[in-house]
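For reference, the structure is listed below as structure tokens.
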Amino acid sequence: MKPSATITSSTATLDVVKAPNFVKVTAITIVSFSVITLLYLFPSSPFPSSISFSPSFSITSPQQIKNNASLVSPRTKKTRPPPPPTVGERTGIVDENGAMAEDFVIGEFDPSAVDEFRNLTGGREESTKEDGKLTRVKNERFRVCEESTRDYIPCLDNVEEIKRLNLSGSLVIYERHCPEEGKGLDCLVPMPKGYKRSIPWPRSRDEVWFSNVPQTRLFEDKGGQNWIALKKDKFVFPGGGTQFIHGADQYLNQISEMVPEIAFGQHTRIALDIGCGVASFGAFLLQRNVTTLSIAPKDVHENQIQFALERGVPAMAAVFSTRRLLYPSQAFDLIHCSRCRIDWTRDDGILLLEVNRMLRAGGYFVWAAQPVYKHEENLQEQWKEMQDLTRRICWELVKKEGYIAIWRKPLNNSCYLSRDSGAQPPLCDSNDDPDSVWYVSLRPCITRLPENGYGANVTTWPVRLHYPPDRLQSIRMDATFSRKELFKAESKYWNEIIESYVRAFHWKQMNFRNVMDMRAGFGGFAAALHDLDSYFLPLFHNNLRIAVPVPIHSSGDHEAFRVFALGIVPAASFITVIAPVPEALDLDYEFIILEILFPRCETFDTYPRTYDLLHAAGLFSAEQKRHKCKVSSIMLEMDRMLRPGGTVYIRDSVSVMSELQEIATATRWVCTLRDTGEGPHASWKILTCDKRMP
């Protein structure tokens with residue numbers, strides 16, 4: 001029976017455990033120990049005086065519970081936390097509650113805050129040199145010029161100087177007469193009312209906005225000659241000219257048929273169009289793979305060059321008068337004059353001798369004019385004089401057909417040396433530099449050709465774009481044996497830079513057409529743009545050379561990204577501080593980059609609102625060393641030439657960036673300072689600025 005008793009006892013035990021009163025006592029005990037533990041750990045925690053669990057059970061005050069709990073374990077005294085650290089005296093005018101305080105402490109002076117404030121308010125400072133010391137002069141924001149200056153070209157519109165010289169009726173009136181120091185441009189040239197973003201290339205070849213060039217004189221005078229027409233809010237260009245009224249394409253076909261050796265785009269890659277009108281000759285040569293610079297004086301038809309630039313055709317104001325044109329010797333494969341109103345035989349042919357200087361050995365001169373085909377006595381006399389002059393300077397009359405005559409320049413000096421003793425015009429002295437052009441008077445002599453054939457023995461296109469030419473050996477520069485390596489290194493350098501610009505800044509989506517490179521060197525920037533389907537025709541300002549890329553093809557998927565650009569590099573007089581290649585001027589013609597020599601402290605002979613992009617690499621740090629030109633003067637000229645909506649890229653030393661930012665703000669550009677590919681600690685930065693449309 002013992003087993004039964006055991007089972008009965010176990011059953012009774014289970015019944016007790018399951019009893020309601022046992023469960024309640026157990027739950028109360030567990031809760032009590034939990035409360036005691038909480039009170040022990042958090043003695044200062046607030047509790048209500050009584051915590052009720054049911055109508056019949058309660059726990060009284062926490063003090064009683066603590067007294068009972070003291071029997072379980074002794075309490076250890078808690079260490080107080082250290083006092084908070086002392087806070088320094090507050091700076092500012094807002095107290096700890098966010099309210100404005102009447103008493104406050106002024107903090108220490110932060111010089112960078114001055115720069116930030118100046119950028120916000122439009123103030124600017126500029127470096128000047130007085131008594132051998134560099135000082136900073138603060139200037140205010142540039143004002144906008146008078147409305148009458150909207151087409152202002154400083155060195156061609158110097159009315160005060162022209163009146164003083166009493167030049168009325170002389171072609172000298174159209175030469176450069178720059179303002180004296182301190183009387184130059186000191187304000188922002190305004191745009192015409194209703195100005196719009198220029199029509200993109202290639203549409204711009206055939207039409208431009210009337211509001212961008214609101215001039216009707218040329219349309220009124222030349223509309224009947226198929227130059228230009230006005231349709232609603234646009235000027236349109238049918239492609240004709242005074243001598244080729246049926247269109248430039250037909251005219252170019254005739255030239256090609258007359259002399260197939262001209263071979264546009266192959267043998268002939270760079271041309272000069274004299275008295276260009278609205279530049280339809282050059283515009284239609286682009287589709288034949290020929291780069292053409294169109295020139296004309298700012299005369300009674302003063303806006304013809306402005307029309308050409310608005311169309312996106314390389315052009316500048318220039319005149320045949322008393323000085324050499326701003327291009328080096330043997331610069332052009334072909335020079336063209338169609339009814340250009342120039343008397344080539346006057347003064348024993350001194351103007352045609354200037355053409356001869358610029359024409360490459362073996363190059364062609366194309367003349368379309370009334371003396372070629374009309375039989376009036378006076379015109380026939382002019383033709384005989386032209387024939388005599390061209391024979392004496394050893395030009396060969398290759399073809400005469402209709403109203404066009406074409407001559408070819410000799411390849412060497414053999415014809416010149418075989419002339420009779422005392423023949424006129426004479427050969428120039430051997431010490432005459434044919435590439436010295438800045439304010440140099442015309443020479444009444446025949447420019448000698450290099451005995452080694454430099455200038456004539458160029459490689460074929462497009463290999464010549466990156467192949468160091470023989471002419472590289474004839475320029476004056478420090479390097480003697482490493483010239484070809486320098487040429488190739490510059491080409492590689494700019495290819496990498498342009499690729500990074502296209503990747504990082506999305507250049508192919510920016511519709512650049514007219515571009516100026518303000519420090520061209522060997523023209524590597526231009527060549528690199530060509531490799532990315534952009535094409536250059538470089539131009540040159542004295543002491544700064546200018547490279548101007550242009551479109552090379554008229555068809556293809558990348559036509560919208562074709563550009564012509566202006567690049568500037570230093571001339572020989574500043575080789576030690578500006579660049580290691582002072583006479584790159586001659587070289588860029590070897591691979592079809594045209595250059596023009598200009599001085600940096602004088603303005604360029606182009607109209608306002610010419611360029612979509614201005615690019616300057618190392619220009620301002622070099623100028624900072626010379627202390628010759630005010631930085632503000634250079635940037636005001638940049639603003640004059642830059643189109644509204646245009647862009648500026650300045651790649652230069654960190655040391656000049658602060659001043660450039662200040663002046664850029666004063667010109668109302670919106671700028672961003674960026675790192676180069678070398679990283680944030682590199683010594684050079686990139687300042688990109690936009691000239692916003694108002």
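The values are calculated or read from the model by the stated rules, or taken from the named source; none is laboratory data. In this text the structure is predicted, and so the values were computed from the model without any measurement. Neighbour counts run over all protein chains shown; Cβ positions are idealised from the backbone, glycine included.
Listed by first and then second residue, the pairs linking a residue in segment 389-407 that is part of a strand (DSSP E or B) to a residue that is of a type in the set (D, E, K, R), with Cβ atoms under 7 Å apart and 6 or more places separating them unless they lie on different chains, are 396/408; 398/408; 406/399; 407/396. Of everything in segment 252-277 that's within 13 Å of residue 404 (Cβ to Cβ) and in contact (Cβ under 8 Å) with a residue 40 or more places away in the chain, which residue is surrounded by the most Cβ atoms within 10 Å (Cβ to Cβ)? Step by step, filter segment 252-277, then rank; the result is 262.
A single member of 636, 619 is out of contact with any helix residue (DSSP H, G or I) (no Cβ under 7 Å at 6 or more places or on another chain) and modelled with pLDDT of 95 or more, and it is 636.
Per-residue answers, yes or no, for (1) within 20 Å of residue 516 (Cβ to Cβ); (2) modelled with pLDDT of 95 or more:
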residue	(1), (2)
605	yes, no
625	no, no
644	yes, yes
654	no, yes
671	yes, yes
676	no, no
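For segment 426-473, a tally of residues being assigned to a loop (DSSP other than H, G, I, E, B), aliphatic (A, V, I, L, M) and at pLDDT below 80 returns 2. When residue 341 is tested against (1) surrounded by fewer than 21 Cβ atoms within 10 Å (Cβ to Cβ); (2) more than 40 Å from the chain's Cα centre (by Cα), exactly one condition is not met: (2). Filtered by the rule that a residue be under 21 Å from residue 461 (Cβ atoms) and either out of contact with any strand residue (DSSP E or B) (no Cβ under 6 Å at 6 or more places or on another chain) or assigned to a helix (DSSP H, G or I) (or both), segment 254-268 gives 255, 256, 260, 261, 262, 263, 264, 265, 266, 267. In segment 197-226, the residue that is nearest to residue 249 (Cα to Cα) out of those that are surrounded by fewer than 16 Cβ atoms within 10 Å (Cβ to Cβ) and out of contact with any strand residue (DSSP E or B) (no Cβ under 9 Å at 6 or more places or on another chain) is 203. Within segment 158-183, being in contact with an Asp or Glu (Cβ under 9 Å, 6 or more places away or on another chain), buried (at least 18 other Cβ atoms within 10 Å of the Cβ), in contact (Cβ under 8 Å) with a residue 24 or more places away in the chain and assigned to a loop (DSSP other than H, G, I, E, B) holds for one residue alone: 176. When each of 463, 458 is tested for being within 30 Å of residue 531 (Cα to Cα) and surrounded by 20 or more Cβ atoms within 10 Å (Cβ to Cβ), the lone residue that passes is 458.
Restricting segment 280-297 to residues that are part of a loop (DSSP other than H, G, I, E, B) and either among the hydrophobic types (A, V, I, L, M, F, W, C) or touching a helix residue (DSSP H, G or I) at 6+ places or on another chain (Cβ under 6 Å) (or both) leaves a set whose member that is farthest from residue 604 (Cα to Cα) is 290.
Yes or no: residue 445 touching a strand residue (DSSP E or B) at 6+ places or on another chain (Cβ under 7 Å), under 16 Å from residue 353 (Cα atoms), without any contact (Cβ under 8 Å) to a residue 24 or more places away in the chain and not assigned by TED's automatic domain parsing to the domain that holds residue 337?
Against the criterion (touching a strand residue (DSSP E or B) at 6+ places or on another chain (Cβ under 7 Å), under 16 Å from residue 353 (Cα atoms), without any contact (Cβ under 8 Å) to a residue 24 or more places away in the chain and not assigned by TED's automatic domain parsing to the domain that holds residue 337), residue 445 does not qualify.
For segment 637-666, the set of residues classified as farther than 24 Å from residue 198 by Cα, buried (at least 21 other Cβ atoms within 10 Å of the Cβ) and of a type in the set (A, V, I, L, M, F, W, C) consists of 656, 660, 663, 666, listed by residue number.
Screening residue 351 on (1) of a type in the set (A, V, I, L, M, F, W, C); (2) assigned to a strand (DSSP E or B); (3) touching a Phe, Trp or Tyr at 6+ places or on another chain (Cβ under 9 Å); (4) touching a residue at least 60 places away in the same chain (Cβ under 8 Å) shows it passes everything except condition (2).
Residue 240 passes every criterion in (1) farther than 23 Å from residue 286 by Cα; (2) modelled with pLDDT under 90 apart from (1).
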